[in-house]
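Shown next, in structure tokens, is the structure this report addresses.
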Amino acid sequence: MKQFCDAILGGATGEELAAIPIPESYRAAFVRRDETEMFADLQTSEKDPRRSLHVEEVATPELAPDECYVAVMASAINFNTVWTSIFEPLATFAFLGRLGREGLWGKRHDLPYHVVGSDASGVVVRTGSAVRSWRPGDRVVLHSNYVDSEDPQAHDDSMLASNQRIWGFETNFGGLADLAVVRASQLMRKPAHLSWEEAAVSGLCNCTAYRMLVSRNGAQMKQGDVVLIWGATGGLGGYAVQYVLNGGGIPVGVVSSPAKAKLLASMGCEAVIDRKAAAYGFWSDEGTQNEAEWRRFGKDIRSLVGDDPDIVFEHPGRETMGASVFVAKRAGTIITCAATSGYMIEYDNRHLWMKLKTIKSSHLANYAEAWEANKLIERGRIHPRLSVVYPLSEVGEATRQVQLNLHDGKVGVRCLAPELGLGIDDPAFREKIGEDKITLFQRAAK
Ligand code: NDP
């Protein structure tokens, strides 16, 4: 892959890249099927990705007609890599087995190792025989919706297709590697004003936040809406806050430290709640929730913005869902895409039905939504929330940081890119947008 990297950095043309042979193996981060029981007796926080994630050479799979090989310059950690690397709530080899039963091309994925990663930026170096819209040399970012077009539902909303998968989580050959194998329908143009590592981090979280808040498939936020955002400086939250501000809404951001509160304020979010400082006790014990604490939380929100949330941007799950349902405004929407703290959810249904609230689910984004979300980055209206970057060789440490919530925004991973700051093709536009906006989280992490 070094030959590809040198050629890309040297400004090689598409034809020149297409003439470089694809190597028989490439460097990748993966978990092993024979290690899925390694953490069997440990508490979740003791399950350490630094032990389960390996970085070694793996065999290059054959390319299907609708796929491309992408030389990966940079990638990112998503929470799904935390889940895969601690084998919770289940080992992802079950997904690969199911994909393996789908036919010849699916079978390639069912291996004793799972190459992880659902984000990447890089350069197309080969296209399959059926690919029409992309060619070698195209500089791209990837989004992780992996779906084929044979399910009729995929032509309405591909997230509804029965074989919809998350690339690098429910498929093999993910982005935490020097080479990625992706469907052509996962490719999007790389924003020209960003470096490789800045461009790499937004695919999954930006697109998810877009669908949750902006798309007609999500909460359809309107101007003036109060939006409560949990984890407002985290991966999803860092984009959600930007969408609310762009769309004329009023974000109320929840974070867990004074440093995060400061970072959130510097994004332009005026209503900030430090949940640690407030010491909310939504659960009196493991099985009992405390309505008085929900009420205190609701009062804190009202005191900041004078109203209840029209929309609650939910993802922590069990720990917060009771409070989220309670504080949402009459007829408000709780839009949820995850359950980091536990997926067996409890809330008081009386507060839902008596006040005509809606709990709506959301998951990633279809290609059209992802394209719109990426276009906003290309236009400098949404900025990547990259904070720190690790080399691929330290992917275990990078994943551990996210698992323990020690990070802000997105944690980047340098794959082929030999140093930071490369890949900026439009410095004039970058200057126009403002370095301060693009690198806000990077500067806060220093
Ligand atoms: P991050 O870890 O980057 O951010 C999550 C934030 O949530 C943290 O920064 C933290 O902020 C807050 N948080 C964590 N635990 C709690 C808790 N118990 N109570 C309140 N707040 C909490 O993760 P992401 O934002 O990338 O992802 C969040 C979840 O969403 C994950 O479970 C992930 O798997 C899922 N996800 C789902 C997607 C989908 O398509 N369905 C797409 C992307 C992510 P603080 O401590 O400052 O309050």
For this session: Go through region 108-156 and give me each residue that's in contact with a Gly (Cβ under 7 Å, 6 or more places away or on another chain), charged (D, E, K, R) and closer than 17 Å to residue 369 by Cβ.
Result: 119
Problem set entry | Qualifying positions in region 401-446 - more than 13 Å from the ligand (Cβ to nearest atom) and basic (Lys, Arg) | 414, 430, 432, 437, 443, 446
Problem set entry | Looking only at region 345-385, and only at residues there that are touching a residue at least 40 places away in the same chain (Cβ under 8 Å) and basic (Lys, Arg), the one that is nearest to the ligand (Cβ to nearest atom) | 385
Exercise. Within region 395-403, can one find any residue that is in contact with an Asp or Glu (Cβ under 7 Å, 6 or more places away or on another chain) and charged (D, E, K, R)?
Worked result: yes
Problem set entry | Qualifying strands (runs of 3 or more DSSP E) (wholly inside region 243-285; at least 1 residues being surrounded by 19 or more Cβ atoms within 10 Å (Cβ to Cβ)) | 250-255, 271-274
For this session: Mind counting the residues in region 324-339 that are in contact with a helix residue (DSSP H, G or I) (Cβ under 7 Å, 6 or more places away or on another chain) and either assigned to a strand (DSSP E or B) or not aromatic (Phe, Trp, Tyr) (or both)?
Result: 6
For this session: Test each condition in (1) out of contact with any Cys (no Cβ under 8 Å at 6 or more places or on another chain); (2) within 16 Å of the ligand (Cβ to nearest atom); (3) not aromatic (Phe, Trp, Tyr) for residue 112 and report the one that comes out false.
Result: (2)
Seminar exercise, completed: Scanning region 355-382 for residues that are under 23 Å from residue 79 (Cα atoms) and in a loop (DSSP other than H, G, I, E, B) gives 362, 363, 364, 365, 366, 382
For this session: Pull up region 330-344, narrow it to residues that are more than 11 Å from the ligand (Cβ to nearest atom) and surrounded by fewer than 18 Cβ atoms within 10 Å (Cβ to Cβ), then point me to the one that is nearest to residue 236 (Cα to Cα).
Result: 344
Problem set entry | Some residue of region 55-63 being surrounded by 15 or more Cβ atoms within 10 Å (Cβ to Cβ) and either touching a Pro at 6+ places or on another chain (Cβ under 7 Å) or assigned to a helix (DSSP H, G or I) (or both) | yes
Seminar exercise, completed: Within region 207-242, the count of residues that are more than 10 Å from the ligand (Cβ to nearest atom), in contact (Cβ under 8 Å) with a residue 40 or more places away in the chain and assigned to a helix (DSSP H, G or I) comes to 3
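Readers should treat all values here as calculations from the given coordinates under stated rules, not as data from a laboratory. Predicted model, so just to flag it, every value in this text is computed and none were measured. Reconstructed Cβ throughout: ideal geometry from the backbone, glycine too, with neighbour counts over all protein chains shown.
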